[in-house]
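The structure appears right after this line, and notes come after that.
The values are calculated or read from the model by the stated rules, or taken from the named source; none is laboratory data. Just so you know, these numbers come straight off a predicted model, no measurement behind them. Positions of Cβ are backbone-derived with ideal geometry, glycine not excepted, and every protein chain shown enters the neighbour counts. Calculation scope for accessible area: heavy atoms of the full protein, side chains included, ligands and nucleic acids excluded. Shrake-Rupley method; radii C 1.70, N 1.55, O 1.52, S 1.80 Å.
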Amino acid sequence: MQNDQVTPKEPAAILELAEKCLPVAGDFVELGCYRGDTSVLLGKLLAKYTASCGKIVDNLCKNTADECKTSNQTVENQCKTPESHLWIYDSFAGLPEKTTEDASGAGQNFQAGELFVTKREVVEKLRRANLHNVIVKKAWFDQLTDQDLPSQIAFAFLDGDLYGSIKTSLKLVAPRLQKQGIMIVHDYNNPELPGSSRAVDEFLRAHPDYHLNVRHTLAVLQSKC
């Protein structure tokens, strides 16, 4: 996946964590999609899982031949919902203005309007990938209402870059995240984007029931329950 905003190892980590959430009730969401590269990966993962619902898959037995003779020869793949969706939210207007929480001595990158990509470009990429399980909404995150998000979320990738965007994303997703669900916040511990870490750390102080695991620049948030 060619994407200058994600390190080479991060897509594999995102997919690994998303795959764990496939059996969890709820949809996938992505707040901040940039060029839609991660969107395509998540959309394909969901589509493949949905396509296998209720179908017979290969025997999972890995023991000796004699032991396998007495085991089930097939295993039915259970589906969490008839059809799961990926919901994408982005301003498609580039980054908003920084706040004081985003001030960084590492440079003056990521100014308002940077990382601009049109909605049409992302939608066309999804169409070329033959994905029909994706819902795309153009809006600033603080303009989203309860009606704009699915009622149950199994997995969320939050890539808003700045403090305000990440803080709003966490506020929107957390009440809808299922107990076994996972939220990933990008740019944690990124010196050029300190607002992301600050928003996550504030969230954790206010929600001690969540556990933080850091992989690369990904803050992985899960309920301790």
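Just wondering, is there one or more residues in the stretch 54-62 that are open to solvent by 20 Å² or more (accessible area, probe 1.4 Å), modelled with pLDDT under 55 and on the phi > 0 side of the Ramachandran plot?
In the first step, residues of the stretch 54-62 are kept if they are open to solvent by 20 Å² or more (accessible area, probe 1.4 Å); the result is 54-62.
From the residues that got through so far, the ones that are modelled with pLDDT under 55 too are 54-62.
Within this subset, residues satisfying the condition of being on the phi > 0 side of the Ramachandran plot are 54.
Scanning the stretch 54-62, I find at least one residue that is open to solvent by 20 Å² or more (accessible area, probe 1.4 Å), modelled with pLDDT under 55 and on the phi > 0 side of the Ramachandran plot, so the answer is yes.
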Residue satisfying condition, being of a type in the set (Ser, Thr, Tyr) and modelled with pLDDT of 80 or more, within set Thr81, Thr118
Thr118
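For Ile166, indicate whether it is under 17 Å from Leu86 (Cβ atoms) and either within 15 Å of the chain's Cα centre (by Cα) or surrounded by 17 or more Cβ atoms within 10 Å (Cβ to Cβ) (or both). Steps first, please.
Numbers: under 17 Å from Leu86 (Cβ atoms): no; either within 15 Å of the chain's Cα centre (by Cα) or surrounded by 17 or more Cβ atoms within 10 Å (Cβ to Cβ) (or both): yes.
No: the conditions fail for Ile166.
Check the stretch 87-107 and report whether any residue there is in a helix (DSSP H, G or I), of a type outside the set (A, V, I, L, M, F, W, C), open to solvent by less than 30 Å² (accessible area, probe 1.4 Å) and modelled with pLDDT under 95.
In the first step, residues of the stretch 87-107 are kept if they are in a helix (DSSP H, G or I); the result is 100-102.
Of the ones still in play, those that are also of a type outside the set (A, V, I, L, M, F, W, C) are 100-102.
Subsequent filtering for residues that are open to solvent by less than 30 Å² (accessible area, probe 1.4 Å) retains 102.
Remaining after also requiring modelled with pLDDT under 95: 102.
Looking through the stretch 87-107, at least one residue is in a helix (DSSP H, G or I), of a type outside the set (A, V, I, L, M, F, W, C), open to solvent by less than 30 Å² (accessible area, probe 1.4 Å) and modelled with pLDDT under 95.
Looking at the stretch 214-223, is at least one residue at positive phi and either modelled with pLDDT of 95 or more or open to solvent by 70 Å² or more (accessible area, probe 1.4 Å) (or both)? Quick ask: steps written out before the conclusion?
Of the stretch 214-223, the ones at positive phi are 216.
Now restrict to residues that are either modelled with pLDDT of 95 or more or open to solvent by 70 Å² or more (accessible area, probe 1.4 Å) (or both): 216.
Yes, that holds for at least one residue.
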Pull out all pairs, ordered by first then second residue, where Cβ-Cβ is under 8 Å, the residues are six or more apart or on different chains, the first lies in the stretch 28-46 and is closer than 21 Å to Gln152 by Cβ and without any contact (Cβ under 8 Å) to a residue 60 or more places away in the chain, and the second is surrounded by fewer than 20 Cβ atoms within 10 Å (Cβ to Cβ) and not basic (Lys, Arg).
Leu45/Leu15; Leu45/Glu19; Leu45/Leu22
